[in-house]
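A short worksheet on the structure shown next.
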Amino acid sequence: MTFDSLGLNAALMRAIAEQGYEKPTPIQQRAIPVVLAGRDILASAQTGTGKTAGFTLPLLQRLDSTRSGRRNGGVRALILSPTRELAAQVGESVTTYGRHLKLRSGVIYGGVKIGPQIRQLREGIDIVVATPGRLLDHASQGTIDLSMVETLVLDEADRMLDMGFIHDIRRIIKQVPKVRQTLMFSATFSKEIRQLADGLLRQPEKIDVSPRNTTVERIIQRVHPVAKDTKRALLSWLIDSNDWYQVLVFTRTKHGANRLAQQLERDGVISAAIHGNKSQGARTRALAAFKAGKIRVLVATDLAARGLDIERLPHVVNYELPNVPEDYVHRIGRTGRAGLEGEAVSLVCPDENGYLRDIEKFLGYKIPSEAIHGFERQVRVVAPETKSGPVEQLGRRGGQARNGKQRSNVRRGTKAVKRPGAQRHRGIAA
Ligand code: AMP
């Protein structure tokens with residue numbers, strides 16, 4: 001199937017060609033005609049499926065074809081996003097795909113000055129991409145008028161609920177007209193999401209193009225069993241010995257993200273952390289530097305990384321496994337995008353084996369496991385004068401076994417691999 005058969009106008013076709021897209025992705029094939037026809041959608045689609053163009057292209061076309069020539073009218077399309085990063089990225093897509101149309105768009109999120117947003121709104125914006133909190137600030141100050149919204153999009157609705165935005169969303173919905181088009185995207189469908197959908201959508205077309213396992217099929221996944229205190233050394237070693245660039249590393253906590261980025265810096269790996277406590281400016285700068293290849297490793301928490309659109313991201317590392325199996329799929333979905341191959345590596349210490357089992361149960365298969373010689377067991381320093389045999393001095397040299405002995409692997413069925421460079425490697429000490 002080609003874009004020609006989807007009924008998009010010449011201006012949009014031109015923008016698509018300029019992006020180099022040759023054919024529509026499955027979600028685009030399904031969603032574009034339905035949105036063009038003015039119908040509601042309930043779609044199960046994750047980041048990386050092309051869902052943004054799937055709703056943005058037909059949305060732009062509808063707004064363009066019914067343009068009334070108003071200069072200072074209210075907002076005609078409202079796209080709600082869970083995070084600032086996602087809002088910014090969707091805003092960029094709206095600008096990119098709409099560059100040959102005369103529609104105006106703007107992005108509204110917190111953490112930055114409200115003044116410029118107010119000025120932009122005053123001048124008139126057709127399409128607003130917003131995070132719920134700042135949007136409500138504008139609504140309560142009377143600086144945004146949502147009474148003319150024709151289309152409402154809830155992007156990553158499940159994540160918005162996870163982040164506690166349900167009340168904000170309900171307050172926003174009270175301000176948009178009852179008669180409207182509503183498009184809802186969610187990677188997962190909990191009871192809460194279904195309830196929200198039931199209340200918002202009118203006979204929606206249900207689209208499920210990415211059963212969760214097919215999304216990750218293009219991604220080479222691997223588990224490295226590792227002792228807890230040799231994890232960082234293993235990460236540095238993997239980055240260094242494989243010559244990895246543009247590595248997105250996940251930690252569970254903001255504090256853990258900061259600490260790991262600092263430690264990697266000390267190992268000589270240029271790194272930055274991105275999480276909710278960082279100012280918007282710092283997050284934007286870190287992401288831009290990472291995209292530009294100036295930062296080798298971006299350490300992120302799940303929330304900060306959600307929806308990040310980093311093209312051709314080759315490596316994702318789970319430094320700590322998420323305790324929610326769905327988050328594993330979201331994380332590794334950052335690699336292997338738009339038909340490209342990616343690699344997702346998880347460093348799993350013994351106390352995370354339960355999480356690993358849950359993830360494998362969720363995926364429906366076992367992730368191949370490979371122990372890296374010298375990193376898979378606990379650091380143990382045995383005093384030379386004891387009778388217990390050869391001296392084992394592991395930890396401070398990044399956990400390399402010095403006696404060359406190989407112990408049985410931590411996980412059943414794991415394959416031990418002796419890396420040729422492992423014994424020679426230096427420079428990853430704490
Ligand atoms: P999304 O799932 O919306 O975050 O999009 C994922 C990535 O796929 C983005 O980098 C888009 O630029 C890219 N993309 C979207 N549609 C297409 C297409 N039809 N062909 C190739 N790449 C696409």
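The values are calculated or read from the model by the stated rules, or taken from the named source; none is laboratory data. Note that this is a predicted model, so its numbers are computed, not measured. Here the Cβ is made from the backbone with ideal geometry for all residues, glycine too, and neighbour counts use every protein chain on show. SASA here: full protein model, heavy atoms, side chains in, ligands and nucleic acids out. Shrake-Rupley method; radii C 1.70, N 1.55, O 1.52, S 1.80 Å.
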Under-5 Å amide H pairs with residue 105, H placed in peptide plane, nonlocal only: 126, 127
Other-chain or far-sequence residues with amide H under 5 Å of residue 188's (modelled H): 158
Residue-wise HN-Hα coupling along the stretch 195-200, computed from phi with Karplus coefficients 6.51, -1.76, 1.60 (Hz; x: Gly, Pro): 5, 4, 4, 4, x, 9
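When the chain is fully extended, how far beyond the present Cα-Cα distance does residue 242 get from residue 141, taking 0.36 nm per residue of separation?
Gain on extension, residue 242 to residue 141, equals 31.0 nm.
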Nearest-0.05 FRET efficiency for residue 218 and residue 9, computed from C-beta distance (R0 22 Å): 0.10
Computed label-point distance, nm, for sites residue 351 and residue 229 using a 7 Å Cα→Cβ extension: 1.3 nm
Length gained when the stretch residue 174-residue 292 is fully extended (0.36 nm per residue, less Cα-Cα span): 38.3 nm
Backbone HN-Hα couplings from phi across the stretch 288-294 [Karplus 6.51/-1.76/1.60, Hz, Gly and Pro as x]: 5, 5, 5, 4, 7, x, 7
Potential extension, residue 113-residue 285 segment - 0.36 nm per residue separation minus Cα distance: 60.3 nm
Rounded if a/c under 1.5, otherwise prolate or oblate - the stretch 16-166, Cα gyration tensor axes: oblate
Solvent exposure, largest accessible area first (probe 1.4 Å, DNA, RNA and ligands not counted), of 240, 198: 198, 240
Cross-link table 191/254; 23/51; 206/291; 113/278; 178/206, entries beyond 24 Å C-alpha to C-alpha: 191/254; 206/291
Distant-in-sequence amide H partners of residue 313 (H built 1.01 Å from N, under 5 Å): 336, 337
Most to least accessible of 362, 3 (protein chains only, probe 1.4 Å): 362, 3
